[in-house]
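Peer 1: One structure, pasted below without further comment.
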Amino acid sequence: MILYNLEFNLMKYLFVLGFFFLTSCATPHVVDIIQPNDEQLSCVGLQNEIDELEKFIAEAESEKGVNWSNAGRLLVFPIGIWATYENAGQAIDAANQREMYLRGIMSKKNCT
């Protein structure tokens, strides 16, 4: 009975550790579309945010291509490539939606 409990607890810990390992492999991180202080940003601040998003999108696009990270994932954990591609797609979608949201704020503030 004690041995069974130890094995069960070990399996739980391995499952949790594996879950965190798998989720940490997927990059890049998905941005929040709406952030708390967006409405208070100046026109320059809004443009800076959009410029950062464009860099972020370019980085996410590069994660989808052939690179050393994906080669490593293929060797160690092939499903990690799928997770990275899926996550990169979600990150790009969220960044595009955030850009549209920020451009809407810029339009309300008559930014040029």
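Peer 1: Taking a spot 7 Å from the Cα of Cys43 along the direction of its beta carbon, which residues of the stretch 86-112 have an amide N less than 17 Å from it?
Peer 2: 102-112
Peer 1: Okay, next question. Order by neighbour count: Lys109, Lys64, fewest other Cβ atoms within 10 Å first, most last.
Peer 2: Lys109, Lys64
Peer 1: Between His29 and Asn110, what is the label-point separation in nm under the 7 Å Cα-to-beta-carbon projection?
Peer 2: Taking the simple label geometry, Asn110 and His29 are separated by 3.8 nm.
Bear in mind that the values in this text are calculations on the coordinates, not laboratory data. As the structure is a computational prediction, the values presented were derived from the model and not from experiment. Heads up, the Cβs are rebuilt from the backbone with ideal geometry, glycines too, and the neighbour counts pull from every protein chain shown.
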